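Student: Sharing a structure below in structure tokens format, with a few things to ask.
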Amino acid sequence: MTWDHPRGADPLVAASRAWEAETGEAITWDRRSLQDFETFPVGELARHYDLIVIDHPHVGHVAAAGCLAPLDGLVAESVLEGIAAGSVGGSYESYRWAGHQWALPIDAASQVQAWVPGRIPAPVTRFEDLQPLLAAGRVMVPLRAPHGLMTLFSLCGLAGFGLDVEAQDLFPVQAAAAYDRLRDLAAAIDPAAWSMDPIAVFEAMADPASPIAVAPFIYGYVSYARDGFRSRTIHFADVPVFNTQPVGTALGGTGLAVSALGDDPSGAARFAAWVAGGALQRDLVAAEGGQPAHAEAWGDDGVNRATHDFYRATRRTLDQAWLRPRHDGYMAFQDAASHRLEEALRRGETATDALAALNTLYRQSR
């Protein structure tokens, strides 16, 4: 089971064809929506699928539920070490929990900046430079749950302080400034943002008649950086900064996990390790429209040439991305907090009240 977008499905379908040609073993893929990918219980999927593409914040739950197979028991240590050594940012680490590796990274992402050449001359480098573009209606940020919360996370990191996932309260008092910036952004952009996820924003940006010039905080989608994918090609860059470094945006991406309930976990794990390896990530996953998680692809000249330097242009942001909480209970928090944050932003609540409500939800999730 994977997610329903060319970036999420096409490379796995192509890899499965190549795997069958090499081994004689057939693998077929079903797809679920992006919204389902972010919220649907992995345990339910594990009852029906041998291989499951997951998001790293699920690992605390799946470790507790026992529905996925620990890959460190199925894949040779030397193979895992090679995948870990090539991991971009915290992608490999993000699937390690309670002493085990629950998935292997096949797609790396964080919130980055998307911009359209011809509408602005270059990406925005500093946060304050967004102001004239906001005033002119040229900026969009996806606010559909959970993306408003992801942007709040990113704004906290960019403000120069990390969010301590082990603390009783996730948001310290310093987070008030980040909340105020998000509230100002939400008030200044088209209200359509409340119903838009990143794909919807990219589709709007790619419309030749669109006024949107920049999405400063949005999960990168390499598909839109490829000429011919849509009417307008979108370029990508590091996020606008407050100080000097694009530090602390919310890590995303996907990993390939193996059901503990399937008929052949060892066989499924062999395929997962093969797909996560550097050579296949560079030569097949990237060529088939995927967004690799391995540095062999991110640094490759041909891979970057085909995507207007998508990878090199966003690598600093990805390498310094923040790893979200992963405890059993986080996913329920993410859902509840996303909707509570939307309510606060729409009503113009103060940072004190909004962050207190979010922290209460976080304590309840622990």
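Table: residues versus (1) out of contact with any helix residue (DSSP H, G or I) (no Cβ under 6 Å at 6 or more places or on another chain); (2) among the hydroxyl-bearing types (S, T, Y).
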site	(1), (2)
S231	yes, yes
A269	no, no
A272	yes, no
A279	yes, no
D283	yes, no
A286	no, no
G290	no, no
A293	yes, no
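Student: Something else about it: Can you tell me which residue among N359, N304 is free of Cβ contacts under 8 Å to residues at least 12 places away in the same chain and more than 19 Å from the chain's Cα centre (by Cα)?
Tutor: Details: N359 fails: free of Cβ contacts under 8 Å to residues at least 12 places away in the same chain.
The conditions single out N304.
Student: Could you tell me how many of the residues in the stretch 256-272 are within 26 Å of H5 (Cβ to Cβ) and touching a Leu at 6+ places or on another chain (Cβ under 6 Å)?
Tutor: Qualifying residue count, the stretch 256-272: 5.
Student: Something else now. Of the residues that sit in the stretch 310-331 and are in contact with a Leu (Cβ under 9 Å, 6 or more places away or on another chain) and not aromatic (F, W, Y), which one is nearest to P117 (Cα to Cα)? Walk me through how you get there before you give the answer.
Tutor: Going residue by residue through the stretch 310-331, those that are in contact with a Leu (Cβ under 9 Å, 6 or more places away or on another chain) are 311, 318, 321-325.
Still in the running and not aromatic (F, W, Y): 318, 321, 323-325.
Values: L318: 22, A321: 25, L323: 31, R324: 32, P325: 36 Å.
Filtering the stretch 310-331 for residues that are in contact with a Leu (Cβ under 9 Å, 6 or more places away or on another chain) and not aromatic (F, W, Y), the one nearest to P117 (Cα to Cα) comes out as L318.
Student: Which residue is farthest from A46 (Cα to Cα), if the candidates are limited to the stretch 273-312 and must be surrounded by fewer than 18 Cβ atoms within 10 Å (Cβ to Cβ) and among the basic types (K, R)?
Tutor: R305
Student: Tally up the residues in the stretch 260-289 that are closer than 20 Å to D227 by Cα and at pLDDT below 95, please. Please lay out each step first, then the result.
Tutor: To start, the set of residues in the stretch 260-289 that are closer than 20 Å to D227 by Cα comprises 282-289.
Narrowing further to those that are at pLDDT below 95: 289.
Total meeting the criteria: 1.
Student: What do you reckon, is G137 farther than 18 Å from I54 by Cα, in the same structural domain as S266 (by TED's automatic domain parsing) and in contact (Cβ under 8 Å) with a residue 12 or more places away in the chain?
Tutor: Details: farther than 18 Å from I54 by Cα: yes; in the same structural domain as S266 (by TED's automatic domain parsing): no; in contact (Cβ under 8 Å) with a residue 12 or more places away in the chain: yes.
Judged against the criteria, G137 is not a match.
Student: Separate question: On the given criteria, is G24 in contact with a strand residue (DSSP E or B) (Cβ under 6 Å, 6 or more places away or on another chain) and either at pLDDT 95 or above or of a type in the set (G, A, S) (or both)?
Tutor: Details: in contact with a strand residue (DSSP E or B) (Cβ under 6 Å, 6 or more places away or on another chain): no; either at pLDDT 95 or above or of a type in the set (G, A, S) (or both): yes.
Judged against the criteria, G24 is not a match.
Student: Is it the case that A204 is out of contact with any Ser or Thr (no Cβ under 9 Å at 6 or more places or on another chain) and within 24 Å of H5 (Cα to Cα)? First the steps, then the outcome.
Tutor: Numbers: out of contact with any Ser or Thr (no Cβ under 9 Å at 6 or more places or on another chain): no; within 24 Å of H5 (Cα to Cα): yes.
Against the criterion (out of contact with any Ser or Thr (no Cβ under 9 Å at 6 or more places or on another chain) and within 24 Å of H5 (Cα to Cα)), A204 does not qualify.
The values are calculated or read from the model by the stated rules, or taken from the named source; none is laboratory data. In this text the structure is predicted, and so the values were computed from the model without any measurement. Note: ideal-geometry Cβ built from the backbone for every residue, glycine included; neighbour counts use all protein chains shown.
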